[in-house]
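The values are calculated or read from the model by the stated rules, or taken from the named source; none is laboratory data. Just so you know, these numbers come straight off a predicted model, no measurement behind them. Virtual Cβ from ideal backbone geometry, glycine too; neighbours counted across all protein chains shown.
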Amino acid sequence: MTLTAPETGTTEAGDARRTLEKAVGFLRSIQHERGWWQGDLETNVTMDAEDLLMREFLGIRTARETEEAARWIRSQQRSDGTWATFAGGPGDLSTTVEAWVALRLAGDDPAAEHMRAAEKFVQAEGGIERSRVFTRIWLALFGLWSWDDLPNMPPELIFLPRWFPLNVYDWSCWARQTVVPLTIVATLRPTRPLPFEVDELRSGAAPEPFDAPWTWAGTFQRLDVGLHAYARRPIGPLRRLAMRRGAEWILARQEADGGWGGIQPPWVYSLLALHLLGYPLDHPAVRAGLEGFERFLVRRETPDGTIRMLEACQSPVWDTCLAVTALLDAGAPADDPAVVRAATWMLDEEIQGVRGDWAVRRPDLPVGGWAFEFDNDGYPDTDDTAEVVLALRRVAHPDPERLRAAIDRGVVWNVGMQSSDGGWGAFDADNTRELVTKLPFCDFGAVIDPPSADVTAHVVEMLAHEGLADGEACRRGVRWLLDHQESDGSWFGRWGANHVYGSGGVVPALVAAGIPASDPAIRRAVTWLERHQNADGGWGEDIRSYSDPTWIGRGESTASQTAWGLLALVAAGAARSGAARRAVGFLADTQLPDGSWEEEMYTGTGFPGAFYIRYRLYRMTFPVSALGRWCEEVGA
């Protein structure tokens, strides 16, 4: 679709409307009969490798599971022999090490071409000696790495009061749920040998030198030496009590589906910890944990046979609220049956009666909010809660009192979760103590949960649409956003890639909160988007922008990122601009016959710099919203 006219013409408007209608038809067709939407959530093969290793450690690995998982792992190997953490990204050392070990477990010959290619890469990158701590923990479980050469994490950590530095609540929710069970595993130092070694992956590299003693990193490295000495002669009663308290902490946080936090890392390590403490495989907690993984498995038939992929997490609440907003943006009536059915399901998913770890810093805040997953009552998040409220408030539900009460609880909870600086983190308030990031253990990505522009924007937008733009919480949130605009005019995207996501969320939020489209902050953001639009009319930002600034705003155009840019332009009053019309043209030109878009690139973020996500529904929900708002704005 070519857009050349100075004004939006009837032909291009009609094409946009037809594109939108086809997309809406596809989105409706994939709604679950109970009301939710859920797209596959793809990450990288560390999930599958570690699942096989966990099952091997527990003695429950089967031939079928191994064959199907290994087939998936092999299919994701790149032509250079490596495995990456996102589509199109560079080979990753730790991911490649874990994939190689998993394939050896599956019986692959180390002399095979694909295995030798991986080995060559690992050696060139410094060998397993330079892999991340988590990878070497997995090797230590099987006697392939020494526990003595890993950072020590004493289980006595559980006793530190919440005001004391490095207590478990200084960690982000996903990190603390992982660290607590790992202190138990690392204390018990198990080894269950495999029938092979990993000498092919050793480079012989010497340990990296300590940082300077006057730095926090250097201080903690030297403290780690002392912790290893204490581990050899601990205070017996204190250590036993710490292990017992840790187990109680873990069991108290198991969810209804058997998992922990709805995500793979704490789930796996909690099962290992309980198992090592003597909980048998048929213990209700362990059995529920193992059975719960079945919901996270995706099996597909391929020409080479069945593949088995383990999702690191699932996003039904997030997918559903975005889908409802998309349908309403596209013109669906407020009482549309699909919308009402989805709203009822979301109301059923509201968290009530469970005071999660968020209450440690907000003890007087009433319970409320929504989580990301089917079952994660202990960890609602402000981002999902904001987007659920934005969706529900537009629905004509047959039980309006129930709807209004849930919205009000969500608003109160979100306001109460505002951090002291005026922004919002995802799961905790004021989870900003950076000291924990200096520990030798913390080389695996984000371990704290400070406020971010994208989450803060979603909460600000929600408050504004709820008529609270003049309230103190919203005003402080707006100020936080304005203060955190990047020098180039964009905003950093913590949970989506990256500055296109941040800017696509912040601009609509600021406009909704009363910042005029003519404000310099908005105009600078629009200018940044226009300068970074690709020649094909789309926007794309490579995941590498998190670690390499030269990639900021650059990358292959995707449907979701193009939609983020278009949403910002429409909110800024630039729907009729050439940039907006070219974006609409890109979405029309790249739509598939079934009404969907293909999107191989990863545009979601777990841990910036370490862990990335491909949300399979982003390619639908955001384009439908963007096209719907554009069509309404131009009268298409």
The number of residues in the stretch 533-578 that are over 11 Å from His499 (Cβ atoms), in contact (Cβ under 8 Å) with a residue 60 or more places away in the chain, in contact with a strand residue (DSSP E or B) (Cβ under 9 Å, 6 or more places away or on another chain) and not polar (S, T, N, Q) is 4
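Let's see how each residue does on (1) under 21 Å from Asn414 (Cβ atoms); (2) not hydrophobic (A, V, I, L, M, F, W, C):
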residue	(1), (2)
Ala312	no, no
Asp319	yes, yes
Leu327	no, no
Arg361	yes, yes
Asp364	yes, yes
Ala371	yes, no
Ala386	yes, no
Looking at Asp357 and the list (1) of a type outside the set (Phe, Trp, Tyr); (2) touching a residue at least 40 places away in the same chain (Cβ under 8 Å); (3) within 24 Å of Ala636 (Cα to Cα), which single condition is not satisfied? (3)
Options Arg409, Arg394, Arg476; residue that is touching a helix residue (DSSP H, G or I) at 6+ places or on another chain (Cβ under 6 Å) and of a type in the set (Lys, Arg): Arg394
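Quick check on my filter: what residues within the stretch 316-370 are assigned to a loop (DSSP other than H, G, I, E, B) and of a type in the set (A, V, I, L, M)?
Of the residues in the stretch 316-370, the ones assigned to a loop (DSSP other than H, G, I, E, B) are 330-336, 349-356, 361-369.
Once the filter is applied, which keeps residues that are assigned to a loop (DSSP other than H, G, I, E, B) and of a type in the set (A, V, I, L, M), the stretch 316-370 yields Ala330, Ala332, Ala334, Ile351, Val354, Leu365, Val367.
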List pairs: first residue in the stretch 380-394 and under 16 Å from Ala405 (Cα atoms), second residue part of a helix (DSSP H, G or I) and hydroxyl-bearing (Ser, Thr, Tyr) anywhere in the structure, Cβ distance under 7 angstrom, at least six positions apart or on different chains. Leu390/Thr325; Ala391/Thr325
Odd one out for Asn376, checked against (1) at pLDDT 95 or above; (2) polar (S, T, N, Q); (3) out of contact with any strand residue (DSSP E or B) (no Cβ under 8 Å at 6 or more places or on another chain): (1)
Need pairs with beta-carbon distance below 6 Å; first residue farther than 14 Å from Trp147 by Cβ and within the stretch 220-245, second basic (Lys, Arg) and crowded, with 16+ Cβ neighbours inside 10 Å; sequence gap 6+ or separate chains. Phe220/Lys438
Can you pull out every residue in the stretch 126-140 that is within 27 Å of the chain's Cα centre (by Cα) and either not assigned by TED's automatic domain parsing to the domain that holds Leu241 or not small (Gly, Ala, Ser) (or both)? Ile128, Arg130, Arg132, Val133, Phe134, Thr135, Arg136, Ile137, Trp138, Leu139
Quick one: which of Trp413, Trp345 is of a type in the set (Phe, Trp, Tyr) and under 23 Å from Val168 (Cα atoms)? Trp413
Of the conditions (1) within 28 Å of Met620 (Cβ to Cβ); (2) modelled with pLDDT of 95 or more, the single one that Glu98 does not satisfy is (1)
Closer than 23 Å to Ala273 by Cα, within 25 Å of the chain's Cα centre (by Cα) and surrounded by 21 or more Cβ atoms within 10 Å (Cβ to Cβ) - does that describe any residue in the stretch 58-74? no
So which pairs qualify, if the first residue must be in the stretch 14-35 and farther than 15 Å from Ala559 by Cα, the second must be of a type in the set (Phe, Trp, Tyr), the Cβ gap must be under 7 Å, and the two must be at least 6 apart or on different chains? Ile30/Trp37; Gln31/Trp37; Arg34/Trp345; Gly35/Trp345
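So, Ala175, is that one among the small types (Gly, Ala, Ser), surrounded by fewer than 14 Cβ atoms within 10 Å (Cβ to Cβ) and assigned by TED's automatic domain parsing to the domain that holds Glu248 or not?
The answer is no for Ala175.
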Could you list, in sequence order, all residues of the stretch 412-431 that are in contact with a helix residue (DSSP H, G or I) (Cβ under 9 Å, 6 or more places away or on another chain) and polar (S, T, N, Q)? Asn414, Gln418, Ser419, Asn431
Check off (1) closer than 30 Å to Pro284 by Cβ; (2) of a type in the set (Gly, Ala, Ser); (3) touching an Asp or Glu at 6+ places or on another chain (Cβ under 6 Å) for Ala252 and give me the number that stays unchecked. (3)
Could you pull out every one of the helices (runs of 4 or more DSSP H) wholly within the stretch 524-636 that has 2 or more residues that are among the aliphatic types (A, V, I, L, M) and under 21 Å from the mean Cα position of the chain (by Cα)? 559-571
Those residues that are over 13 Å from Gly423 (Cβ atoms) and touching a residue at least 40 places away in the same chain (Cβ under 8 Å), I need them from the stretch 486-504; list them, please. Asp488, Ser490, Gly493, Trp495, Gly496, Ala497, Asn498, His499, Val500, Tyr501, Ser503, Gly504
